[in-house]
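Step one of this worksheet: look at the structure below.
None of the figures in this text is laboratory data; all of them are computed from the coordinates on show. As the structure is a computational prediction, the values presented were derived from the model and not from experiment. Backbone-built Cβ (ideal geometry, glycine too); neighbour counts: all protein chains shown.
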Amino acid sequence: METVAGFIFLFVSRGTLISVLFSLTHPELMEDPDDWVANTLRHQFSQMSVGGKLFGGVYLLVHGLLKLFLVAGLLRGRLWSFPTGMIVLVAFIGYQAYRMLHHFSVGLAFLTVLDGLIIALIYNEYCHSKRNRLTISDEQSKEQTRKL
């Protein structure tokens, strides 16, 4: 999703992004003019500079591609990818926190929380995978001992 959003930010004009966003949020604001999410999105996109759009696009693209690479390792059961993924995401969280100290962004705060949740899920899966590997390894050792 982040990779797609990165491509959209890079290759769709700022005006088109704002038009699409305004079209998407219009029905919600007709129903509830004080909707915080819709109003915040409109405000953030209206205030976005060309440099901010470029930074956001590159950041989302790199962030998404790194996650795809790490997910490929995780799905293949490569144990190295679990701690690597957590380290990369912690680095992203650190950078995101640094950016938010200088200029708060709801989108960046959302990505930061999402990255934290992903780290928790990766850690949980890492512990589970390690336990399973140890169990399989112990069973194989016992079987080899019985054969001797």
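Structure notes:
- Axis of helix 14-31 versus longest Cα principal axis of the chain: the two differ by about 90°, to the nearest ten degrees.
- Farthest positive-ward along the chain dipole, Cα basis, beta-carbon charges - from Tyr123, Leu41, Pro27: Tyr123
- Taking the C-alpha atoms only, the angle from helix 2-11 to the longest principal axis of the chain is near 40 degrees.
- Linear extension gain, Leu21 paired with Arg99, 0.36 nm per residue minus alpha-carbon span: 25.7 nm
- Rg ratio (alpha-carbon, reference 2.2 N^0.38 Å) - the range 1-75: 1.31
- Size of the chain as Cα extents on the principal axes (Å, biggest first): 75, 33, 28
- Computed about the Cα centre, the dipole magnitude for the range 50-139 is approximately 180 debye when only Lys and Arg (+1) and Asp and Glu (-1) carry charge, each at its Cβ.
- Within the chain, helix-based [θ] at 222 nm, where runs of 4 or more DSSP H residues each add -39,500 (n - 2.57), nearest 500: -30500 deg cm²/dmol
- Protection proxy ranking, peptides 11-22, 112-123, average beta carbon neighbours within 10 Å, highest first: 112-123, 11-22
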